[in-house]
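K.L.:
My structure is below; once you've seen it, I'll send some questions.
The values are calculated or read from the model by the stated rules, or taken from the named source; none is laboratory data. Computed from a predicted model, the values in this text were never measured in an experiment. Don't worry about glycine lacking a Cβ; one is built from the backbone with ideal geometry, like all the others, and counts go over all protein chains shown.
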Amino acid sequence: MKKIISKIIIPGLVISSLFTQSACQKDFLDIDPQVNQTPKDYFSSSNDAASELVNAVYSNLLDWDQHSFAWIGVSSITSDDADKGSDPGDTGTDKNELDDFTFTSSSISFNDIWAANYRGISFANQALNVLPTLELDKDYKNRLEGETRFLRAYYYWTLVRCFGGVPKIDKLPDPTSPEDIANGRTRASKEEIYKLIISDLKFGVEHLKERSQMESVDMGRATKGAAKTFLAKVYMYQNNWNEVLRLTNEVMASHEYELANDYSTIWREIGENNKESIFEAQAKGEKPNNGIDGYSETQGVRGQFGWGFNTPSEDLNNTYEANDTRKDATMIYPGETLWDGTVINSDTPNPRYNEKAYFSRTQETFNGDAWQSNKNLRIFRYAEVLLMNAEAAMHAGQTGLALESLNKVRNRAGLANATSDNLETKIWHERRVELAMEHDRFFDLVRQGRAGQVLRAHGKNFVDGKHEVFPIPQRQIELSEGKLKQNPGY
């Protein structure tokens, strides 16, 4: 699947999930029953139709409201790793509010995230409705279902981390069913959503193939290793350290992955789907372009390559140890000459930019369309498997294993071995600098129970008991006629 995902709209697949429509679209109850219908023989008329059905679920990963401006704001600008950036007068609609925690339920980014992920869920549910009816090889059918459920888990994972409990739609909704309408209007508990995510990922672990068993044309699809990694991370958020340890040990023992030799190459075109990669959103930077809408341009150097949002903070800049090679691979500085010979403007308004979002106009695939550039989004990497393994081993009292996994990550960065004193603090620090600007930090701080302490020290107006989750979008509450209940404090 490397570089070939299209933004496919298969006839009959676009369905309203009862509540996903944005303000400029039809309200969630205004559903035409015919949109759920597909020609009887459509999916049996092409050998590729089943794969295309699942590709539609993948394609949602590339959309503007899924992984671009709203996601950058909600997952990164909220953290101590990043500042709003851009010019002081350019708010990015609400990115200034996300930066200082003055946002409300009407802030636009939250509705974008909500709608995008439920759109992905609706595509997944449509695929899961059709796949059982197809005459396919059983293993192949199970693999496609495993990929679809992996992606549905990912979309729900984003929602539950952002909002807590959300509506649980685990099948194609019937617009004439009062029960399905009620499910779309009310929140399931956080625990129910996690149960669905875990169930989907366990199916993936059982039925997906290892990366080495996949054909080259399928590179980029979800694999058994990706499902195990994802499931380990879900369990980490539930403090189920025994399962985290078991799953990460299995991924490590599979020898399917290893650390890239040069950290700085991971985010270049030559590093896409490399030996460290476990799962990436696949972009395509040549005609017809299908990159992640605006991901690179919104973060590009202001006045030179883009809008200049989501700039690495001074606090992040100062937290690296001396000689940590990851710092230069993460930061772009004014006046710097980059790896491809590009000279950064010295008078750009921000002191740093996100190099992990940078793509080369001269040394990588580029046909002039910066909006849909050839830039994959790294979602799961082997380095994080090692760091999850270290944290789980520490909790299990296996200090030797914890240090071994931790130090593999440190040594790749050119740093000496850590010692066992204050080990949890060291693992948390290593997560920060290893995964900096990768949309993990805010949620990691919440998981660790220290978001308020850290973010208030960084000057953000974080309120304990409130800001661990974001507000349910006001637009969605209105569409539910008040049946969706708001999070505390909002």
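K.L.:
If you go through the range 466-475 one residue at a time, do you hit one that is at pLDDT 95 or above and either exposed (fewer than 14 other Cβ atoms within 10 Å of the Cβ) or among the small types (Gly, Ala, Ser) (or both)?
P.N.:
Taking the range 466-475 as the starting set, the residues that turn out to be at pLDDT 95 or above are 466-475.
With either exposed (fewer than 14 other Cβ atoms within 10 Å of the Cβ) or among the small types (Gly, Ala, Ser) (or both) added as a condition, the list becomes none.
No, because not a single residue in the range 466-475 is at pLDDT 95 or above and either exposed (fewer than 14 other Cβ atoms within 10 Å of the Cβ) or among the small types (Gly, Ala, Ser) (or both).
K.L.:
With the condition kept exactly as written, say whether any residue in the range 393-402 is within 29 Å of residue 165 (Cα to Cα) and assigned to a helix (DSSP H, G or I).
P.N.:
Of the residues in the range 393-402, the ones within 29 Å of residue 165 (Cα to Cα) are 395.
Filter again for assigned to a helix (DSSP H, G or I), leaving 395.
Looking through the range 393-402, at least one residue is within 29 Å of residue 165 (Cα to Cα) and assigned to a helix (DSSP H, G or I).
To keep it simple, each residue is scored yes or no on (1) within 20 Å of the chain's Cα centre (by Cα); (2) touching a residue at least 60 places away in the same chain (Cβ under 8 Å); (3) more than 26 Å from residue 474 (Cβ to Cβ).
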position	(1), (2), (3)
121	yes, yes, no
125	yes, yes, no
130	no, yes, yes
149	yes, no, yes
156	yes, no, no
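K.L.:
If you go through the range 237-290 one residue at a time, how many are modelled with pLDDT of 95 or more, of a type in the set (Asp, Glu) and assigned to a loop (DSSP other than H, G, I, E, B)?
P.N.:
So the answer is 5.
K.L.:
Considering 459, 465, which residue is within 25 Å of the chain's Cα centre (by Cα), at positive phi and either part of a loop (DSSP other than H, G, I, E, B) or outside the structural domain of residue 185 (by TED's automatic domain parsing) (or both)? Give the steps one after another, and end with the answer.
P.N.:
Values: 459 fails: within 25 Å of the chain's Cα centre (by Cα).
Among 459, 465, only 465 is within 25 Å of the chain's Cα centre (by Cα), at positive phi and either part of a loop (DSSP other than H, G, I, E, B) or outside the structural domain of residue 185 (by TED's automatic domain parsing) (or both).
K.L.:
Another question, if that's okay. Select from the range 315-357 the residues that are of a type in the set (A, V, I, L, M, F, W, C) and part of a strand (DSSP E or B) and write down the one among them that is surrounded by the fewest Cβ atoms within 10 Å (Cβ to Cβ).
P.N.:
Taking the range 315-357 as the starting set, the residues that turn out to be of a type in the set (A, V, I, L, M, F, W, C) are 316, 322, 329, 331-332, 338-339, 343-344, 357.
Keeping just the survivors that are part of a strand (DSSP E or B) gives 331-332, 343.
Working: 331: 21, 332: 25, 343: 10.
Going through the qualifying residues, I end up with 343.
K.L.:
All but one of (1) basic (Lys, Arg); (2) outside any loop (DSSP other than H, G, I, E, B); (3) surrounded by fewer than 17 Cβ atoms within 10 Å (Cβ to Cβ) hold for residue 426; state the number of the condition that does not hold.
P.N.:
(3)
K.L.:
Here is a follow-up. Just for the range 46-78: of the residues that are part of a loop (DSSP other than H, G, I, E, B) and either β-branched (Val, Ile, Thr) or under 15 Å from the mean Cα position of the chain (by Cα) (or both), which one is nearest to residue 122 (Cα to Cα)?
P.N.:
Start the filter on the range 46-78 by keeping residues that are part of a loop (DSSP other than H, G, I, E, B), which leaves 46-48, 63, 68, 78.
Those still in the list that are either β-branched (Val, Ile, Thr) or under 15 Å from the mean Cα position of the chain (by Cα) (or both) too: 63, 68, 78.
Working: 63: 15, 68: 20, 78: 28 Å.
Of everything passing the filter in the range 46-78, 63 is nearest to residue 122 (Cα to Cα).
K.L.:
Ok, one more. Right, residue 186: of a type in the set (S, T, N, Q), closer than 30 Å to residue 105 by Cα and at pLDDT below 95 or not?
P.N.:
No; evaluated as a whole, the condition is false for this residue.
K.L.:
Can you tell which of 312, 288 is touching a strand residue (DSSP E or B) at 6+ places or on another chain (Cβ under 7 Å) and either surrounded by fewer than 24 Cβ atoms within 10 Å (Cβ to Cβ) or closer than 16 Å to residue 351 by Cα (or both)? Lay out the reasoning, then the answer.
P.N.:
Numbers: 288 fails: touching a strand residue (DSSP E or B) at 6+ places or on another chain (Cβ under 7 Å).
It is 312.
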